[in-house]
1. Counting just the residues of segment A:363-377 that are part of a loop (DSSP other than H, G, I, E, B) and hydrophobic (A, V, I, L, M, F, W, C), which one comes out nearest to the other protein chains (Cβ to nearest Cβ)?
2. Exactly one of these conditions fails for A:MET223: (1) more than 30 Å from A:GLY93 (Cβ to Cβ); (2) buried (at least 16 other Cβ atoms within 10 Å of the Cβ); (3) without any contact (Cβ under 8 Å) to a residue 60 or more places away in the chain; (4) not β-branched (Val, Ile, Thr). Give me its number.
3. Out of all the residues in segment B:233-259, which are modelled with pLDDT of 95 or more and closer than 23 Å to A:ALA230 by Cα?
4. Kindly evaluate A:LYS137 against the criterion of being part of a strand (DSSP E or B) and facing chain B (nearest Cβ under 7 Å).
5. Within segment B:144-161, can one find any residue that is surrounded by 23 or more Cβ atoms within 10 Å (Cβ to Cβ), in contact with a Ser or Thr (Cβ under 9 Å, 6 or more places away or on another chain) and farther than 18 Å from B:GLY90 by Cα?
6. Hey, can you tell me all the residues within segment B:337-372 that are within 14 Å of another protein chain (Cβ to nearest Cβ) and in contact with a Pro (Cβ under 7 Å, 6 or more places away or on another chain)?
7. Taking the stated definitions as given, is A:VAL36 touching a Phe, Trp or Tyr at 6+ places or on another chain (Cβ under 8 Å) and either assigned to a loop (DSSP other than H, G, I, E, B) or assigned by TED's automatic domain parsing to the domain that holds A:LYS144 (or both)?
8. Out of curiosity, is A:LYS144 assigned to a helix (DSSP H, G or I), facing chain B (nearest Cβ under 9 Å) and in contact with an Asp or Glu (Cβ under 7 Å, 6 or more places away or on another chain)?
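The values are calculated or read from the model by the stated rules, or taken from the named source; none is laboratory data. Please read these numbers as outputs of a predicted model, since none were measured by experiment. Cβ atoms come from the backbone with ideal geometry, glycine included; neighbour counts cover every protein chain shown.
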Amino acid sequence: MKMKPETEAELAEIIAGASGPFHIRGGGTRSIGKPVTGAVLETGGLSGITLYEPGALTVVVKAGSPLAEVEAALEAEGQRLPFEPMDYRGLLGTSGTPTVGGVVAANVSGPRRVQAGACRDFMLGVRFVDGTGQIVKNGGRVMKNVTGYDLVKLMTGSWGTLGVLTEVSLKVLPKPDSAACILIDSLSVANAVGAMSKALASPFEVTGAAHVPVGLDGHPVTMLRIEGFAGSVDYRAGQLAALFSDHAVRVEHDAAKVAEGWAWVRDVAPMQGTAGDVWRISCKPSDAPALADRLDADKLLFDWGGGLIWALLPEGTDARARLGALGGHATLVRGSDASRAALPVFQPEPAPLAALTAGIRARFDPRGVLNPGLMDA
Amino acid sequence: MQMPKPDASILARKARIVERLRKVLPADAVIDDEAETRAYECDALTAYRCPPLAVVLPSTTEEVSKVLRVCWEEGVPVVPRGSGTSLAGGALPTADSVILGVARMNEVLETDYDNRFIRVQTGRTNLSVTGAVEEHDFFYAPDPSSQLACAIAGNIAMNSGGAHCLKYGVTTNNLLGVTMVQMDGTVVEIGGAHLDSGGLDLLGVICGSEGQLGVVTEATLRILRKPEGARPVLMGFDSNEVAGACVSDIIKAGVLPVAIEFMDRPCIEATEAFAKAGYPMCEALLIVEVEGSPAEIDEQLGLILQIARRHNPVELREAKDADEAGRIWLGRKSAFGAMGQINDYMCLDGTIPVSELPYVLKRIGEMSKEYGLDVANVFHAGDGNMHPLILFDANKPGDLERCEALGADILRLCVEVGGCLTGEHGVGIEKRDLMVDQYAPADLEAQMAVKDVFDPKWLLNPAKVFPLAASESRRSIALAAE
């Protein structure tokens with residue numbers, strides 16, 4: 001059975017009257033987590049921009065709104081979602097229309113996360129329906145708000161397991177008119193992470209730092225992005241190029257090519273259409289080279305200055321076992337049903353944190369009807 | 001402002017409780033002498049005072065864990081305290097509570113420039129975090145005005161902001177991980193040197209929970225490389241509306257200044273009399289600061305000044321050097337001191353959508369007349385975080401009550417126009433009873449449910465944040481007192 005409420009009240013009624021579990025679905029483009037069995041509950045009926053004030057850098061959006069629609073509205077005012085949400089369709093082989101609620105529920109960010117912050121950092125407010133059918137709001141639409149607990153953060157990245165989002169408020173930022181990319185050729189992973197650290201620790205505001213061990217021409221390439229007013233971008237590109245003058249450095253100034261290159265990194269293009277499981281590992285950047293060695297992956301991609309490793313491994317491989325005590329936080333982003341049944345999708349938490357997580361879930365969804373088991377170990 | 005009645009059974013057990021605390025802490029880390037506990041009777045909201053049962057000053061996470069375990073077993077409420085600079089009464093004790101001060105825990109545990117973080121004990125002051133990394137040209141971004149004194153523990157508890165958060169965000173955006181002790185003594189590690197690990201964002205809900213979910217003893221903080229330079233520009237306008245429109249136009253033009261500060265006429269007059277910064281006498285004054293290399297600053301300021309000129313400013317002053325920059329900031333930085341010279345004052349921090357600025361300032365002016373109390377406005381205009389300062393005379397009977405009533409009306413106005421009660425100071429006791437104006441019962445219930453999970457006995461800072469009536473059934477202290 002499929003349900004697609006048109007209003008928050010209707011959604012609340014459906015959840016209150018639940019006779020079994022729901023599988024919450026925005027655009028259906030992010031098939032991540034343990035497989036969920038339940039009646040499909042679609043959020044696409046809750047759509048539209050409620051309020052957009054470019055002068056206040058805020059937008060309020062119904063959760064089921066297509067992401068593209070919101071991005072187009074921002075673009076028209078020269079603004080954007082600064083956290084650069086990735087599009088999972090290519091990597092996961094899904095179709096459909098990504099929604100704003102889906103982005104928030106999965107806390108989806110992109111390469112700019114390393115400088116600007118994650119989706120959660122731009123979340124100002126939420127409205128949601130909890131597992132009992134109760135409508136709850138938290139936060140609001142102003143940039144600074146410490147009135148009560150920050151449930152906005154808690155809801156962001158909770159994958160619909162604490163409540164179904166109905167409306168979200170986001171902080172947006174101006175979209176700079178200019179961008180450039182510094183490309184450094186043929187670095188080893190260790191040297192690339194070192195170079196990215198050096199760039200990110202410079203005063204030149206690098207908004208993207210990625211390393212591709214096998215670039216389009218078959219060789220390693222390290223990418224550093226800068227954005228801003230034209231004069232400032234030129235200046236910083238020069239300064240950064242000078243910082244790495246002992247390497248083979250190129251500077252790409254064509255804005256369209258820069259955008260294309262970073263969309264390629266953002267959407268993990270090298271692993272699209274491949275066979276095998278895809279893991280996402282969050283780590284301390286300087287640990288990345290050692291972790292990459294241990295992973296012994298078929299393909300690798302490093303983002304966030306090394307703090308994010310994408311790894312393609314043969315189906316069913318336990319990446320965490322390979323990483324061992326060195327750690328990192330591994331998420332199985334793309335896995336067959338068998339892999340996802342056999343391995344925890346999300347990094348298992350130590351017992352006291354798992355108890356807190358379980359306690360919160362039991363309070364927000366006491367009957368266990370919202371995406372039950374999706375985030376379980 | 002009401003506080004719950006102290007639990008007589010706890011007061012009666014004072015000797016035993018203190019003895020148990022002495023067993024787990026060094027002798028000089030437990031204070032129970034009434035002459036000495038008085039030093040902890042209030043925070044920066046000095047209108048309310050109450051000496052605690054005892055004060056403990058642990059030096060390590062392990063000691064904090066032992067102290068909390070004792071209090072948990074004894075059923076004693078614990079009020080965590082950083083440097084005691086809360087303007088909201090966040091560290092106000094009750095007579096039956098133990099103050100847990102983290103002031104002795106001020107070590108830097110690790111600095112890592114390659115991975116751009118610092119790990120500190122949370123008793124360390126905000127400014128001294130930057131102090132620990134500035135020789136490498138790094139800094140810690142959140143800069144509350146009390147940064148010389150306030151502790152990271154309090155910054156995390158209140159999710160503190162500052163003047164530069166338009167660009168750098170507030171505490172929660174710069175906090176990577178914590179070591180936290182739960183009320184039963186359990187020590188947990190959340191987050192760390194990595195980003196966004198998946199799983200529920202417990203760190204996100206801990207930051208800003210006003211010491212009600214656990215005691216944060218160590219923090220991993222993001223540090224940033226200092227910009228090459230910064231330069232402010234000062235603009236005077238003949239109405240609040242025009243100044244507000246100018247702020248909005250600057251933001252819409254795609255410039256992101258690090259700070260946009262706003263002062264109204266009463267505030268300009270007071271600070272000018274006090275600090276003599278040479279400000280123009282006008283209705284509204286903006287200080288806009290941008291960062292970068294000299295050329296980048298010129299590029300941004302060029303655009304900002306062009307926008308400002310379209311709004312017919314009565315004054316435009318660009319800092320030519322560090323000295324002039326200092327003079328532009330001088331008045332703003334002494335605004336609170338200047339107000340203190342005139343009278344006692346109460347500082348609010350409601351936040352509003354920037355578009356509502358002119359209307360809200362007009363209404364505050366009207367309310368100020370109705371109540372017969374002067375209000376000066378100084379605030380972070382870029383993010384709508386207002387700081388109305390209500391002047392009153394604490395020695396005049398009834399003045400404090402009138403001041404509080406006016407403050408409550410101003411905060412309700414902030415909520416009415418789509419804003420909130422507090423942008424960076426926290427709820428504490430000060431705005432506790434106004435929470436019902438912003439949140440429906442179900443909204444508060446969801447927040448209190450989180451506390452139920454972290455602190456089932458409701459022993460951590462229990463009489464704060466939520467209206468007493470709303471939290472009553474949950475507070476064991478209230479139950480025991482019945």
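1. Step one: filter segment A:363-377 for residues part of a loop (DSSP other than H, G, I, E, B), giving A:365-369, A:371-377.
Narrowing the set further to residues that are hydrophobic (A, V, I, L, M, F, W, C) leaves A:369, A:374-375, A:377.
Working: A:VAL369: 17, A:LEU374: 12, A:MET375: 7, A:ALA377: 10 Å.
It comes out as A:MET375.
2. (1)
3. Selection gives B:VAL233 alone.
4. Numbers: part of a strand (DSSP E or B): yes; facing chain B (nearest Cβ under 7 Å): yes.
So A:LYS137 passes the test.
5. no
6. To start, the set of residues in segment B:337-372 that are within 14 Å of another protein chain (Cβ to nearest Cβ) comprises B:348-360.
B:LEU348, the sole residue that qualifies.
7. On the way: touching a Phe, Trp or Tyr at 6+ places or on another chain (Cβ under 8 Å): no; either assigned to a loop (DSSP other than H, G, I, E, B) or assigned by TED's automatic domain parsing to the domain that holds A:LYS144 (or both): yes.
Answer is no for this residue.
8. Working: assigned to a helix (DSSP H, G or I): no; facing chain B (nearest Cβ under 9 Å): yes; in contact with an Asp or Glu (Cβ under 7 Å, 6 or more places away or on another chain): yes.
Judged against the criteria, A:LYS144 is not a match.
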